[in-house]
Each structure stands twice: as structure tokens, then as C-alpha cells.
Amino acid sequence: MLMPNIRSLDMKLVDELFEMGSGYVLDFSDRTMSSFFADELNVDIDDPAYREQGTSKAKRLRCYLNKVDLATSIKTLKALWEYREATRKGNRREEWVDNAEGRFLLLLNRMQGKPDQPATQAEPPKPAFDRPKIILLKQKLIELSALEPQPRG
């Protein structure tokens, strides 16, 4: 038995990003999805091998993503993302998934075996004021004001 390319939890994100909850994939009809896969990926998504889990577009896509090699899965997700963003922006549609792009990129990183977050320690923000220096200057000003007028000059 083959190991799936995408974990079950990650597939939930794929479902959400590509609006697959009701069996559809984005705004594809059967014909346009077949054309997209043929033109963009040189794949026959209608092949019976991808209908093992059912015939809906979403079920065929899920099956396909876990049957093909990892590199092809990643290439497919990137192509679908590109289509999604072009369509969403072209229709002036608001983003429907919180932090969609960031979560999508994390998914691709996980699939490629890269760490989720770089292991770097960020520098703390620089303070707006140097409080110890301000306290010292204030103390010197008070000392100066205690001097007679001529010496404080």
C-alpha cells in the first residue's frame, strides 16, 4: 500500500482552499477540469484510476493527489493555486480562508520535507528610549541646577 502524499489533516486545508466540500473543485465543470488538467499538467483526470473513491471532481482530485508521485502532487497543487488566485482576483472576490497563502506554503514545505518555521531567533525590538541614559541625564540636570548661577553658566 502506498503512503499518501498529503496527510488527512492537510487534505482538510486542500478541501477548504479549493472549495471541495460539496464535491466540486473551485468553479470547474467536468469539462473545464478535464481541460485544465490536460492543458496545464498533461494529465487525464478522467482516467478510471482516479475514480476509486468516487466520481465527483473533489474525490477524483483527492485520489489523484495521493496516487501520483510527490513532485506531481506538488506541481498540481501549485497549478490549482495559481488558477484559484487568478480567478479570485479576476472576480474581485475576498479571501475566504484565513491566512490562505501562508498555510498553503506551509503545506508545500511539509510535503517537501522542509521545516514549518525557520529555526531562527529574532532580535527583540529596539527600545524607543534609552531609559538608563535618560535617568543619568536627568540626574546631571538636577545636580547642575543646584549649582550657583556663575558655575552652572
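The values are calculated or read from the model by the stated rules, or taken from the named source; none is laboratory data. Everything quoted here is computed from the prediction, not taken from an experiment. Backbone-built Cβ (ideal geometry, glycine too); neighbour counts: all protein chains shown. These accessible areas exclude ligands, DNA and RNA; they are computed on the full protein's heavy atoms, side chains included. Shrake-Rupley method; radii C 1.70, N 1.55, O 1.52, S 1.80 Å.
Could you list the GluC sites (Glu not before Pro) in the stretch 1-101 that lie in coil according to DSSP, counting only those with at most 16 other Cβ atoms within 10 Å of their Cβ? Spell out each step's value before the answer.
Working: sites: Glu16, Glu19, Glu40, Glu52, Glu82, Glu85, Glu94, Glu95, Glu101; in loops: Glu19, Glu52, Glu94, Glu95.
Answer in residue order: Glu19, Glu52, Glu94, Glu95.
Could you tell me whether the stretch 1-78 comes out rounded, prolate or oblate from its Cα gyration tensor? Rule is a ≥ b ≥ c as square roots of the eigenvalues, rounded for a/c under 1.5, then prolate if a/b exceeds b/c, otherwise oblate.
Working: a/c = 1.36, a/b = 1.14, b/c = 1.19.
Because its axes are fairly even, with a/c under 1.5, the stretch 1-78 counts as rounded.
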Review point. Pick from Lys114, Lys133, Lys59: which residue has the top mean-square fluctuation in a GNM of the chain where Cα pairs under 10 Å get a spring?
Key: Lys133
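What translational D, rounded to a whole number of µm²/s, comes out for the stretch 69-117 from Stokes-Einstein when the hydrodynamic radius is the Kirkwood one over Cα pairs, at 25 °C and 0.890 mPa s? Let's see the in-between values first.
On the way: Rh = 11.8 Å.
Estimated via Stokes-Einstein, D reaches 208 µm²/s.
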Check your understanding: In deg cm²/dmol, rounded to 500, what helix-only [θ] at 222 nm does the chain give when every DSSP H run of at least 4 residues adds -39500 (n - 2.57) and the total is split over its residues?
Key -> -17500 deg cm²/dmol
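I'm checking a number: the convex hull volume of the Cα atoms of the chain, normalised per residue, in Å³. What is it?
Residue-normalised Cα hull volume stands at 201 Å³.
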Review point. Where only protein heavy atoms count, and the probe is 1.4 Å, what is the accessible area per residue for the chain in Å²?
Key: 71 Å²
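Which of the DSSP-defined H helices in the chain satisfy a minimum axial length of 20 Å, computed from C-alpha atoms, and a minimum mean Kyte-Doolittle hydropathy of -1.0? Could you put the intermediate results ahead of the total?
Values: long enough: 70-90 (30 Å, -0.57); 131-145 (21 Å, 0.21).
In the chain, the long hydrophobic H runs are 70-90, 131-145.
When the accessible area of the chain is split by element with a 1.4 Å probe, what percent falls to carbon and sulfur?
Numbers: 5880 of 10890 Å².
Percent of accessible area from carbon and sulfur atoms in the chain: 54.
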